[in-house]
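Laboratory data are not the source of any read-out in this text; all were calculated from the coordinates shown. On a predicted model such as this, the values are computed, not experimentally measured, just so you know. Note that we place each Cβ from the backbone using ideal geometry, even for glycine, and neighbour counts take in every protein chain shown.
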Amino acid sequence: MKIAVVGTGYVGLVTGVCFADLGNTVIGVDSDESKIRRLLAGESIIFEPGLAEMLATNIKRKRIRFTTNLQEAVDACEVIFIAVGTPQDKKTGEADLRYVWQVARELGQTLRPGATRRIVVKSTVPVGTTESLERRIRDTLRRRRVKAAVTAASNPEFLREGSAVRDFMEPDRVVIGTRDTKTASILTALYKPLGAPIVSTDPRSSEMIKYASNALLAARISFINEIANICECVGANIQEVAAGVGMDKRIGSHFLAAGIGYGGSCFPKDTEALVYIAGQGSVRSRILESVVAVNKAQRVRFLDKILHYYRGHVKGRRFAILGLAFKPNTDDMREAPSIDIVRGLIRRGARVAAYDPVAISIARPLMPAGVEYASDPYGAAKGAQAAVILTEWNEFKELDLRRLKRLLKTPVVFDGRNIFPLENMQKLGFRYISVGRREV
Ligand SMILES: NC(=O)c1ccc[n+]([C@@H]2O[C@H](COP(=O)([O-])OP(=O)(O)OC[C@H]3O[C@@H](n4cnc5c(N)ncnc54)[C@H](O)[C@@H]3O)[C@@H](O)[C@H]2O)c1
């Protein structure tokens, strides 16, 4: 099948490369010329395990190419995926659809007479957007007096950054939301090689499935973080509690790791967008409002732990920040807890030496002035008062802790991701302060 993917970010690039790998011919379109230039040179513009290799293979096989010219893609492909960003409107919390509407306008302007095109919305969008997109494109065509057949479908994406290629190739389900049977059967055929169950539904329910899924996952994280905070008061260990709770088949063990809260490009904006959607319909989503509030408070609580340990006197003290990305195996810094925690330390006069295996260049412009960057965790730790773990990279789980202890000025570790066993840290002689577990 010939497919166009508009937007070559985390979702669009993975979608395009994976569809190419499944034997389709794909054109990736992006309005960002520098991204397209790098992709044309065969460079994967995001860090995602397995993606660079798959991209190279499929460029070589001539199954994927890239352009900034939407017209070229619209002329060549019957199926056009939209995977542009839907960031958060910082004032209202709602999804900002300007990029989606821009693509809708451009599609309406570029479709040729007699064309039949299936527009598939992969971006996470508020309920009703897919229908409204179809209407907008048809209106533009009418104004241009162009007769072309356009149907739009919703096909939300559930991949996780850090394991995006695997998630795309082995999804738990594929959701296809359209009332048009031909479009549904084309999309079903496209996804058939993945062997995943297909949920066929209407566009609105499809859009809602995405929001409800993200909201529930975010709720689990905020829930377990709240339980972790209670564990700290009552002397229970959150990891043992979560393991015991998660063994209940009705509950399951996923998304029960306590820490400093979720970040990234999806959970923060999608939970707030759903709160906004509920409000538009005069429904107050008390659960989701709390999910958001608990998450925002969790990183502040961790920063407070550090400040409390030094009785508020962090001025002039140097901290080794281990991990900047919002989660491991990605260079995505959007809404990363590290941003607030590092800012909080710097604002109080602390000095920071940060290390992340892949996110430093993306983190740099988001971090306050004065942060130094190290080329490995030990470089960051050298002469620091304490190490502060903010991302659970495997590299940190495998740290030579004896070496770390030697390098630190005082053997103190604040662990926002609970990556080390308490007994181990105690035995090695660290002061170890984590989340939902006793201090050792
Ligand atoms: N990142 C994730 O893990 C994830 C997972 C599931 C769903 N989503 C959703 O997928 C969508 C895309 O997310 P992302 O993380 O890939 O975003 P992103 O910011 O990484 O990529 C979006 C891309 O769209 C391009 N773009 C914007 N306007 C354009 C236009 N008019 N024409 C062509 N290209 C244009 C941008 O240049 C950018 O490269 C969002 O709605 C997001 O909520 C993201």
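Summarising the strand pairing of region 2-170, around 5 percent of its internal DSSP beta bridges are antiparallel. Across all directions, the average projected area of the convex hull around the alpha carbons of region 1-91 is 6.2 nm². Which number comes out as Rg/Rh for the chain once both Rg and the Kirkwood Rh are worked out on C-alpha atoms? Here the Rg-to-Rh quotient is 1.01. In the chain, the longest principal axis of the Cα atoms and the axis of helix 203-234 are about 0 degrees apart. Antiparallel beta bridges, as assigned by DSSP with both residues in the chain, represent about 5 percent of the total such bridges. Computed from the C-beta positions of GLU289 and ASP400 and an R0 of 56 Å, the FRET efficiency is 0.80 to the nearest 0.05.
Straightening the chain between ARG160 and CYS233 buys 23.0 nm, computed as 0.36 nm per residue apart minus the Cα-Cα spacing.
Annotation: amide H-H contacts under 5 Å for TYR432 (H modelled 1.01 Å from N, sequence separation of 5 or more, or interchain): VAL413, VAL440.
Scanning residues 5 or more positions from PHE319 or on other chains, those with amide H under 5 Å from its amide H are ARG351, VAL352, ALA353, GLN385, with H placed 1.01 Å from N in the peptide plane.
A straight chain from GLU72 to ARG98 at 0.36 nm per residue would run longer than the Cα-Cα distance by 7.1 nm.
With contacts taken as Cα pairs under 8 Å and at least 6 residues apart, region 1-48 reaches a relative contact order of 35 percent. Each residue of region 205-440 gets 137 Å³ once the volume of the Cα convex hull is shared out per residue. For region 141-157, 3J(HN,Hα) computed residue by residue from phi via the Karplus equation (6.51, -1.76, 1.60; θ = phi - 60°) reads 4, 4, 4, 7, 6, 9, 9, 9, 9, 10, 10, 10, 10, 9, 8, x, 10 Hz, glycine and proline entered as x. Sort out for me the Cα centre separation of region 1-64 from region 356-433, rounded to whole Å. Region 1-64 and region 356-433 have Cα centres spaced 35 Å from each other.
The GNM of the chain, with springs linking C-alpha atoms under 10 angstrom apart, assigns the highest mean-square fluctuation among ALA257, ALA95, ALA148 to ALA148. With the convex hull drawn around the C-alpha atoms of region 241-310, the volume per residue stands at 120 Å³. Along its three principal directions, the equivalent ellipsoid of region 2-170 from the Cα gyration tensor extends over semi-axes of 26, 19, 14 Å, largest first.
Relative contact order of the chain: 12 percent, from C-alpha pairs under 8 Å at least 6 residues apart in sequence. Computed 3J(HN,Hα) for region 116-122, one whole-Hz value per residue from the Karplus formula 6.51 cos²θ - 1.76 cosθ + 1.60 where θ = phi - 60°, is 10, 9, 9, 9, 10, 8, 9, glycine and proline marked x.
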